[in-house]
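Read through the structure below, which is laid out as structure tokens, and then see the notes.
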There are 2 protein chains.
Amino acid sequence: MPPVFFNAQHSPIGAFASFTLGFPGARGGLGLELGKPANQSVFIGLESDQPHQYDVLPFYKDAEDEARRYDVEAVAPEDHQPKSAARLKPFAEDDISRDYQLCLDVFRAGDLTFRIVSPVLSVPDPRGGEVEELKRALLPAVLAEIEVDNRKGKSARRVFFGYQGNDPYSAMRRIDDRGEGRLRGVGQGNITAIMSDDPRLHSALAFSIEQAVEPKIDENVVFGLGGVGALVGMAPAGEVSRFRFAICFHRGGTATSGQATRYYYTRFFQNIEQVGDYALAHFNEYLQLAEDAQRRLDASRLSEAQRFQFIHAVHSYYGSTQFLDWLDEDHAGEPYWVVNEGEYRMMNTFDLTADHLYFEMKMNPWTVRNELEWFIRRYSYRDEVRFPGESKAFPGGISFTHDQGIANHISRPAYSTYELFGLSGCFSHMTHEQLVNWAVCATTYLHGSGDDAFYTTHRQVFLDVLQSLENRDHPNPSQRNGIMGLDSSRTMGGAEITTYDSLDASLGQARNNLYMAVKTWAAYVTLGEVFHRHGDGKQADAARQQAQRATKTLVSAMREDGYIPGVMFEGNDSKIIPAIEGLVFPVVAGCPEAIELDGPYAELLQTLIRHLKTVLKPGACLFDDGGWKLSSTSNNSWLSKIYLCQFVYRRVLKLPWDDAGRRADDAHVRWLLNPQHSAYWAWSDQMISGEAWGSKYYPRGVTSVLWLEE
Amino acid sequence: MPPVFFNAQHSPIGAFASFTLGFPGARGGLGLELGKPANQSVFIGLESDQPHQYDVLPFYKDAEDEARRYDVEAVAPEDHQPKSAARLKPFAEDDISRDYQLCLDVFRAGDLTFRIVSPVLSVPDPRGGEVEELKRALLPAVLAEIEVDNRKGKSARRVFFGYQGNDPYSAMRRIDDRGEGRLRGVGQGNITAIMSDDPRLHSALAFSIEQAVEPKIDENVVFGLGGVGALVGMAPAGEVSRFRFAICFHRGGTATSGQATRYYYTRFFQNIEQVGDYALAHFNEYLQLAEDAQRRLDASRLSEAQRFQFIHAVHSYYGSTQFLDWLDEDHAGEPYWVVNEGEYRMMNTFDLTADHLYFEMKMNPWTVRNELEWFIRRYSYRDEVRFPGESKAFPGGISFTHDQGIANHISRPAYSTYELFGLSGCFSHMTHEQLVNWAVCATTYLHGSGDDAFYTTHRQVFLDVLQSLENRDHPNPSQRNGIMGLDSSRTMGGAEITTYDSLDASLGQARNNLYMAVKTWAAYVTLGEVFHRHGDGKQADAARQQAQRATKTLVSAMREDGYIPGVMFEGNDSKIIPAIEGLVFPVVAGCPEAIELDGPYAELLQTLIRHLKTVLKPGACLFDDGGWKLSSTSNNSWLSKIYLCQFVYRRVLKLPWDDAGRRADDAHVRWLLNPQHSAYWAWSDQMISGEAWGSKYYPRGVTSVLWLEE
């Protein structure tokens, strides 16, 4: 039986919004700009064959009696209240089934089917002039349909879909109060709403869902003090009825602090009513697009376990996307593509950008260019570098910040919100890693997009990046070994870290870091190819020389017992899987010869194959359940990186995907569905011994898109 | 000793915002559009004579360690953290004193003085063209000052003022990141902030206030992930230092649903940075205005107990004010003055408007006209009327809705958010009462403002109101008795109620209601005067005839034992104080002869004097503590109405304010300061046996402004 009770995000593209559903209780709902589910009651129910008795999907909790606040002394405030005859009970869990797919999520229980539609679409480059396509892709709504099979019913049965909002600032309201009568719906302020254009439905507000569905007097569905809103209709006896809904989001005005931007979609949709109107008018079109996207995925050869993880990751990725339109003078009118960092809500965290890369290159490569260009013009900086423990400064060069802001606050130029000074652990600078990230993202973009103008425009940045990489190796060219040797002056006496900041020291320290070293090698390899292709021969040679040096250094770090320690040359003894992570870039950046097992870097590849075979064993980098353990010295393992390394393992290292591999996949699915810690958080990244404890509600799992390329 | 630990609202005018402070713990803070305190930690502290030891006002709670979210596996996440040497402890409660005044609220503890400045200003009519005065009055900020007496100190001491935000959508941020360097500050998104232009202060963000005040490395005060923000400075040894702050609020873009409006202040202040800039540039001016306003109050002859209650009420009134600028086409550009209903946040609840009337007539009478005109053009309706239990409909006429919206949702035309159908208790219609309210507010406005054009423009409404009042008495003119006899068809078979909806039935039922009857008499009296003054003799005579009939009816309802029951002629036996409430209107609407004890209504006045002497006794309308009990059959007593009736008692009925009166005043102060239920909620209205249980954080207490007229 496929799993049923886990939250999934159903999200428009670029709206930083999610209709989250699937975990029992008031644990889903219509979330806007949140790092977590909205924790609202969602009411989806159908009258049973007993009048006034309703079977409801279990995504709500009983409301407290709000009426008491208005009549504080009454012993029985319900005496003043419109009583409802309605009685609700949740469907038994065993009676509910779910078909969770890429763009359709379908719950079935009794005679009720609830279908959520969230198409996966490419976003056209806003500078391309495809206005209608852009509007279609950016619509800040997902769609839903309720189907009632009342063919055996003897009488019409009431059906409803609603929610209880929890915005601190604005009231729940009926949408019908406004507009020309075509739309009906309920919403909270101007930011979230459920609408329909089906004349068989009417909207209702009340203190409780019971009163909304069956008020004592029909006219009382207008109750403006009611915090529960629903659309309610009748499904006639003897037939199958379908009711369509748009689940809408809208944030008007200035969306960010620090710098003023607005949501790009506000160019097309002035308010949430316009969102609902468009969504419902184009319902069939979106349904078709959803089915098309699913059909394309069905053609892939993913296993069930892979397919679930990929789908789940895509759902959460879109929930973190936020497409903005710069308002402040310096860049007025410029598009600004942002992916928020799940529960942490940091904006365009660069080490995530480098992992979203593969998905965005497939869907809309211009977003990668947009991200890289914002890193150039607003989030680059120049530093000096120092050997550890020394105060003498040497020339550094260009690098890029860890992120561009947090929770709708755009950070000041040249500084992230995350990076601090004087540290050597979590919250220190990631200067070298983000420099490498810029290089590998840019080379991947160039190869995947064929956009040569990007190189022409930013050639100097490419040259500066190479120079900066070299300077961080050793100030004396003759002493360079191809990997990072000096820390940025921005650490102010501390040490640089990597994206694995919250894992153990084996992955956290940047200098002499194995993961970092292989990724640095990849930067040199792919930069070399780019320089070569564009006629910058001197730089091509320099980059390749560095790649060779890195190879030599890495091979030299191999221990006799068959692995390279997580931090090389420093007595560290961690065995790590992400040693192989960097090998993905020659694949995606168009350097196939670099990863030929008998090619120019054969020695490196053979060394890493041996490394991986050594570490991927119980007691080292496998959990008892067969799941992958990124580091032998940490129980914290990250699914996004596991996905990426699985791709490298099969596609680059040509290692076979046998029972152990399938056992790992199954374990990773169980990690995500763990009801104690994971299932509530939709897709999450940081798993401690198989439970989601960090990086929850996270976009990064779309590294699994690489599996489609195998 | 004056009381110290109670919340007070410190609010700009028309910004629906409050800097609430005074109740211990994280129970105050910067609240925007809330029906309650923001429940944020506010940090106001000074380094003690021990380095790194800070004495702090007790308005915060210890922060959880936010760092753990980012480093989920670490046994000791502080190992990765910038440690702070700072240690905070709250001042002992006994060491704190408070001087709470109309526009200045001053906390003193040790060498620290914290002063909040919130001037009481008249808002000029926006159509009058006084743009600078309007901008000044509408500035969405209050000001604050910290004074450090370090004359005996041997070294400089750190001082700070900050808060921990809790907006669900946006991050805490440094203001310094933006702008030209003059401003420094911390804020949350674009909506709240504390700023200064004092170059001795710097802004800081951190996970905890300790890290913000004393980071391990000074540069780390920029930490973008920090949810705690503060301005931090040094007070030099040997002198008294003062630091000035602006506590700012701003909601840009569309502020309401249902109909689109924006805050009127956004005409002058595009964003919160502009708010801070203006506030700080005009600090001295606002301080002067605050002191002037206080001085005017000092000249009044209020007792200490009266003074406290009036001040406290004014603070909470402003917290509920919201001045909007209509955006939707039908009324684009029209000013829209709204007072929200405290914890319930209903907008312009008409029975509150009628109580805010006296304060607004004193401060800015045009707001009364604005409210009345919105009731005419958007919130009036016409109905039919029915005798109780009968189905035959008779002509009704014009009336007005209970309110105009709730929590930033503007209600549809002709309907309130509150009123429901088919009820006879809480949430039923208040058709007759709101009709009377329009009449008494309009006649009061005409008299107080001298704005004869209001009558000319709306003469037909005045005529319709009279006709509607008469129709609700009896369809047959010869059978009219001057009071309400029929219920609106809008009740759909239910019964109309009054503003005392949540009190006992003795005040809730509108028909034959004693309170309602006297207020209806006042409507006829004051309408009669208005018609007479404007040459509409026929209507003047009709109104006066109705007033005479009401008098006769009321006098006839007098029981032999000296009181009129709360509901007349229906076997009810409640003794109620608000019998006298309506007598205020002849005073404020310019009909002094009507309340001459030997004038045309002498019989009514003598009857009500006797009534009040009968009921205002222990066992009836006095609580054991001497406080006033509005109804002998309810423990729910409302301070706003008590204040009003106290004014009538002394000013109209000429009854003496003796020890019993002063004992009542003292009891009412204790009710407001009750630490269990009241002190957290600033000024509240509905007191059950002396504890605030309903209508909390409420604007209505400004009825006490009438005391200034005695």
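Worth a mention:
- A:A293 satisfies every condition listed in (1) more than 29 Å from A:D330 (Cα to Cα); (2) in contact with a Pro (Cβ under 8 Å, 6 or more places away or on another chain); (3) within 14 Å of another protein chain (Cβ to nearest Cβ) except (3).
- A single member of B:L469, B:L423, B:L463 is at pLDDT below 95 and either in contact with a helix residue (DSSP H, G or I) (Cβ under 8 Å, 6 or more places away or on another chain) or acidic (D, E) (or both), and it is B:L423.
- Scanning segment A:138-158 for residues that are part of a loop (DSSP other than H, G, I, E, B), closer than 30 Å to A:T321 by Cβ and not hydrophobic (A, V, I, L, M, F, W, C) yields one hit, A:P140.
- B:R651 surrounded by fewer than 17 Cβ atoms within 10 Å (Cβ to Cβ), in contact (Cβ under 8 Å) with a residue 12 or more places away in the chain and assigned to a helix (DSSP H, G or I): no
- Scope segment B:25-65; condition out of contact with any helix residue (DSSP H, G or I) (no Cβ under 8 Å at 6 or more places or on another chain), at negative phi and in a loop (DSSP other than H, G, I, E, B); matching residues: B:A26, B:L34, B:A38, B:S48, B:D49, B:Q50, B:P51, B:L57, B:F59, B:K61, B:D62, B:E64
- The lone criterion from (1) touching a helix residue (DSSP H, G or I) at 6+ places or on another chain (Cβ under 9 Å); (2) outside any helix (DSSP H, G or I) left unmet by A:R127 is number (2).
- Members of segment B:209-240 found to be under 35 Å from the mean Cα position of the chain (by Cα), under 23 Å from A:A260 (Cβ atoms) and outside any strand (DSSP E or B), listed by number: B:G226, B:G227
- B:Q259 vs. criteria within 14 Å of chain A (Cβ to nearest Cβ), in contact with a Leu (Cβ under 9 Å, 6 or more places away or on another chain) and of a type outside the set (K, R): yes
- Filter pass, A:A547 being out of contact with any helix residue (DSSP H, G or I) (no Cβ under 9 Å at 6 or more places or on another chain), of a type in the set (A, V, I, L, M) and assigned by TED's automatic domain parsing to the domain that holds A:A442: no
- Condition check for A:E373: of a type outside the set (F, W, Y), surrounded by fewer than 24 Cβ atoms within 10 Å (Cβ to Cβ) and not in a strand (DSSP E or B): yes
- So B:S300, is it more than 14 Å from every other protein chain (Cβ to nearest Cβ), farther than 30 Å from B:E210 by Cβ and assigned to a loop (DSSP other than H, G, I, E, B): yes
- Just so you know, in segment B:449-502 the residues that are within 28 Å of the chain's Cα centre (by Cα) and farther than 29 Å from B:G422 by Cβ include one that is surrounded by the most Cβ atoms within 10 Å (Cβ to Cβ), and it is B:F454.
- Boolean, B:G422 is open to solvent by 10 Å² or more (accessible area, probe 1.4 Å), without any contact (Cβ under 8 Å) to a residue 60 or more places away in the chain, assigned to a loop (DSSP other than H, G, I, E, B) and more than 20 Å from B:F531 (Cα to Cα): no
- In the set A:Y358, A:Y336, only one residue is assigned to a helix (DSSP H, G or I) and crowded, with 22+ Cβ neighbours inside 10 Å; that residue is A:Y358.
- Per-region count, segment B:547-574, residues assigned to a loop (DSSP other than H, G, I, E, B), closer than 14 Å to B:T607 by Cα and open to solvent by 30 Å² or more (accessible area, probe 1.4 Å): 4
- Of all residues in segment A:287-305, those satisfying the criterion of being in contact with a strand residue (DSSP E or B) (Cβ under 8 Å, 6 or more places away or on another chain) and surrounded by fewer than 23 Cβ atoms within 10 Å (Cβ to Cβ) are A:L287, A:E291, A:Q294.
- Looking only at segment B:60-82, and only at residues there that are modelled with pLDDT of 60 or more and away from chain A (no Cβ under 11 Å), the one that is surrounded by the fewest Cβ atoms within 10 Å (Cβ to Cβ): B:D62
Condition check ((1) small (G, A, S); (2) in a helix (DSSP H, G or I); (3) surrounded by 24 or more Cβ atoms within 10 Å (Cβ to Cβ)) across all residues:
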position	(1), (2), (3)
A:V584	no, yes, yes
A:V587	no, yes, no
A:G590	yes, no, no
A:E593	no, yes, no
A:G599	yes, no, no
A:T607	no, yes, no
A:H611	no, yes, yes
A:G626	yes, no, no
A:T633	no, no, no
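- Any chance A:A682 is within 13 Å of the chain's Cα centre (by Cα) and away from every other protein chain (no Cβ under 14 Å): yes
- Hits in segment A:232-256 (condition: open to solvent by less than 10 Å² (accessible area, probe 1.4 Å), within 13 Å of another protein chain (Cβ to nearest Cβ) and out of contact with any helix residue (DSSP H, G or I) (no Cβ under 9 Å at 6 or more places or on another chain)): A:T256
- If the condition is being open to solvent by less than 10 Å² (accessible area, probe 1.4 Å) and either free of Cβ contacts under 8 Å to residues at least 12 places away in the same chain or more than 7 Å from every other protein chain (Cβ to nearest Cβ) (or both), then segment B:404-415 contributes B:Q404, B:G405, B:I410.
- When residues of segment A:162-173 are limited to those that are open to solvent by less than 10 Å² (accessible area, probe 1.4 Å) and within 27 Å of the chain's Cα centre (by Cα), the one farthest from B:R345 (Cα to Cα): A:G162
- Every listed requirement among (1) open to solvent by less than 60 Å² (accessible area, probe 1.4 Å); (2) in a strand (DSSP E or B); (3) within 20 Å of A:E47 (Cα to Cα); (4) touching a residue at least 24 places away in the same chain (Cβ under 8 Å) is met by A:D105 save one, (3).
- Conditions (1) under 21 Å from B:A17 (Cα atoms); (2) part of a loop (DSSP other than H, G, I, E, B); number of the one not met by B:P199: (1)
- Taken over segment B:151-173, residues that are within 8 Å of chain A (Cβ to nearest Cβ), in contact with a Ser or Thr (Cβ under 7 Å, 6 or more places away or on another chain) and not hydroxyl-bearing (S, T, Y) amount to 1.
- Looking across segment A:174-196 at every residue that is more than 9 Å from chain B (Cβ to nearest Cβ), assigned to a strand (DSSP E or B) and not basic (K, R), the one that is surrounded by the most Cβ atoms within 10 Å (Cβ to Cβ) is identified as A:A193.
- Some residue of segment A:241-256 being over 30 Å from A:E130 (Cβ atoms) and not in a strand (DSSP E or B): no
The values are calculated or read from the model by the stated rules, or taken from the named source; none is laboratory data. As the structure is a computational prediction, the values presented were derived from the model and not from experiment. Neighbour counts run over all protein chains shown; Cβ positions are idealised from the backbone, glycine included. Areas reflect the complete protein model, heavy atoms only, side chains present, ligands, DNA and RNA absent. Shrake-Rupley method; radii C 1.70, N 1.55, O 1.52, S 1.80 Å.
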